[in-house]
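Here is the structure we will look at, set down as structure tokens.
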Amino acid sequence: MHTVRAAGPHRVVVIVDENSNPFELGCASEIFGLRRPEIGRDLYDFELCSPEPRTPMRDGFFTLTGVADLEAADSADTLIVPNRPDVEVPRRPAVLDAVRRAHARGARLVGLCSGAFTLAEAGVLDGRRATAHWQWADSFRHRCPAVRLEADVLFVDDGDILTAAGSAAALDLGLHIVRRDHGAEIAGAVSRRLVFAAHRDGGQRQFIERPVPDLPDESLAPVLAWAQERLDSVLTVPALAARAAVSPATLHRRFRAQLGTTPLAWLTGERVALACRLIERGESRFDVVARRTGLGTAANLRTLMRRETGLGPLEYRRRFGPRAN
């Protein structure tokens, strides 16, 4: 039975089960569980729960005690499901029932790394889009043929069900959720505290090649910083390549290898992120937002914001503008 609770911050509950991965648990706790005095308000009400009083974590690293029982999952607005390295072992029925109840009442479900297997085993992913860690892609396709697996991406946002590939992608998805719930400005503040990139699009590749660089330094950091200071200017791929003193083809290869995306896609994402911040800070003239971000026209701003965030500028202002906070 769903527990009725008083109105307050969005409630995030993580189910921890036997052999859960500590890293993804830490990511969820860091993003959703910490107090945010620098923001001035609590973003989430956060709780851990487990079907057993004592839960041995992966490889017996440590045993988790002192958390709520599984009934806490019945009051979650967002439920993060358990993962573990042995994906062949079925989840206990009580955990799967908790996931099904949460889905039935409209809670948002999140699977990190092998958590996609838990969601699939609960039967809530049939016909839906999802991702999982690349090393389990073949196993997932074999065991869950009804799920539309998108392999080799960081995370998939399918509305009320979100999945991440694991490891650092759990942070990417967590920040994406914060951005979806609270806007780009708040997500940026959380990412700064994490000392982590504020925005990596879910469609970026899981595996990014990082060869030992030859001299001269091939880092993209200087050209990225240069471009971020000039988003209101005409910036083309040839211009970025010229700034980096390489050919456009070489620039494309470096973006793919270091960021897992293309120069144009990165530039568009940066411009949309800046547009979101300007709207959150109170700029209501969308033609001005478009001009200051290099997106050109209000029509182009609407198209690209909707594509990148799922919201048009007017909807975004209603949800995240100054009066909404």
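The values are calculated or read from the model by the stated rules, or taken from the named source; none is laboratory data. This one's a predicted model, so the numbers in the text were calculated from it and none came from an experiment. Glycine gets a Cβ as well: all are built from the backbone with ideal geometry, and neighbour counts include every protein chain shown.
Tabulated values for the structure
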item: Meets criteria (hydrophobic (A, V, I, L, M, F, W, C) and out of contact with any Cys (no Cβ under 9 Å at 6 or more places or on another chain)) for Leu70; result: no
item: Among the residues listed as Ala130, Ala68, the single one being touching a strand residue (DSSP E or B) at 6+ places or on another chain (Cβ under 6 Å) and surrounded by fewer than 17 Cβ atoms within 10 Å (Cβ to Cβ); result: Ala68
item: Of residues in segment 78-93 being surrounded by fewer than 14 Cβ atoms within 10 Å (Cβ to Cβ) and either within 15 Å of Pro51 (Cα to Cα) or among the polar types (S, T, N, Q) (or both), the one farthest from the chain's Cα centre (by Cα); result: Pro93
item: Members of segment 304-319 found to be among the hydrophobic types (A, V, I, L, M, F, W, C) and at pLDDT 90 or above, listed by number; result: Leu304, Met305, Leu314
item: Segment 286-308 residues that are in the same structural domain as Leu235 (by TED's automatic domain parsing) and in contact (Cβ under 8 Å) with a residue 60 or more places away in the chain, paired with ones that are among the acidic types (Asp, Glu) and surrounded by fewer than 15 Cβ atoms within 10 Å (Cβ to Cβ) (beta carbon under 9 Å, 6 or more apart); result: Arg292/Asp232; Thr293/Asp232; Gly294/Asp232
item: Top-ranked residue of segment 108-117 - restricted to ones that are buried (at least 21 other Cβ atoms within 10 Å of the Cβ) and either in contact (Cβ under 8 Å) with a residue 40 or more places away in the chain or not assigned by TED's automatic domain parsing to the domain that holds Arg129 (or both), ranked as farthest from Pro22 (Cα to Cα); result: Leu109
item: Matching residues, segment 133-147, being out of contact with any Asp or Glu (no Cβ under 9 Å at 6 or more places or on another chain) and under 20 Å from Ala170 (Cα atoms); result: His133, Gln135, Trp136, Phe140
item: Residues of segment 58-78 satisfying the condition of being touching a His at 6+ places or on another chain (Cβ under 7 Å) and not in a helix (DSSP H, G or I); result: Asp77, Thr78
item: Residues being within 25 Å of the chain's Cα centre (by Cα) and either over 26 Å from Ala290 (Cα atoms) or without any contact (Cβ under 8 Å) to a residue 24 or more places away in the chain (or both) - total across segment 230-252; result: 1
item: So Phe23, is it in contact (Cβ under 8 Å) with a residue 12 or more places away in the chain and exposed (fewer than 12 other Cβ atoms within 10 Å of the Cβ); result: no
